[in-house]
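Shown next, in structure tokens, is the structure this report addresses.
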Amino acid sequence: MDTSNLLAANLLESTSVALAGGVRPAVADALSALGARLVSYGPGDEDLDAEAWAAEHAPVHALVYDAAASFADGGADALRDAVDDGWSAIQAVAGAALIPSRSGGAIVLIAPHPAAGVHATAVRAALENTARTLSIEWARFGITTTAITPGESSSDADIATLVAFLVSPAGAYFSGCRFELGAVG
């Protein structure tokens, strides 16, 4: 599916998006092509001071966390790594940038493909539950949270288009939702 004409040019102009977890190049490219300013957040770096990072990159309007890189080979430790890395990035970026700004923001969580490993279903469920819980907890801050669960036939371009929509002003309508791509019906 060609998704290149679905979103307006410069849709994300003046939007700063933090990327965490090894976001797929297609997602970063789509956000950048639509005018977003991209900044990287590395949750695995224990020496990273979230407040200093937020001050250096302010303002930050959204966080996109892609669990695929942390999930890696899908082994037993991959479940904990993917969920812990996501939670670390969420806490840091929201706590240091999104909440203090008092202007809201978006958090988009991207789960691994279902066949990524034996624990892929658990990671997908954990990210969905995180999005649902935070949508209630952080609604008072104007922060929306969503989870994307790609299907077997989902392309990185499909994921990128949905991420771009969710961090755009139109995507602010959705919070606590799971977007299941490529579902067989």
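Throughout, read-outs are computed from the coordinates displayed, never taken from laboratory work. Note that this is a predicted model, so its numbers are computed, not measured. Using ideal geometry, Cβ is built from the backbone for each residue, glycine included, and neighbour counts are taken over all protein chains shown.
In terms of other Cβ atoms within 10 Å, ARG140, ARG132 run from fewest to most in the order ARG140, ARG132. Each of VAL17, VAL39 was scored by other Cβ atoms within 10 Å of its Cβ. Listed from fewest to most, they are VAL39, VAL17. Taking every Cα-Cα distance in the chain and sorting them into 10 Å bins starting at zero, the pair-distance distribution P(r) comes out as 10, 41, 38, 11, 0 percent. Applying 1/(1 + (r/R0)^6) with r as the Cβ-Cβ distance of ARG37 and ALA115 and R0 = 30 angstrom yields a FRET efficiency of 0.30.
Ellipticity at 222 nm from helices only: DSSP H runs of n ≥ 4 in the chain, each -39500 (n - 2.57), divided by the residue count, give -11500 deg cm²/dmol. When TYR173, TYR41 are arranged by Cβ crowding within 10 Å, least crowded first, meaning fewest neighbours, the order is TYR173, TYR41. Rounded to the nearest whole Hz, the Karplus-based 3J(HN,Hα) values (6.51 cos²θ - 1.76 cosθ + 1.60, θ = phi - 60°) of the stretch 93-104 follow the sequence 5, 5, x, 9, 10, 6, 5, x, 5, 6, 10, x, with x at glycine and proline. Multiplying the residue separation of TRP87 and ARG102 by 0.36 nm and removing their Cα-Cα distance gives an extension gain of 3.3 nm.
Please list, by residue number, every one of the GluC sites (Glu not before Pro) in the stretch 133-185 that is coil in DSSP and has at most 12 other beta-carbon atoms within 10 Å. Write out the running numbers ahead of the final one.
Details: sites: GLU137, GLU152, GLU180; in loops: GLU152.
Those that pass, being in a loop and sparsely packed, are GLU152.
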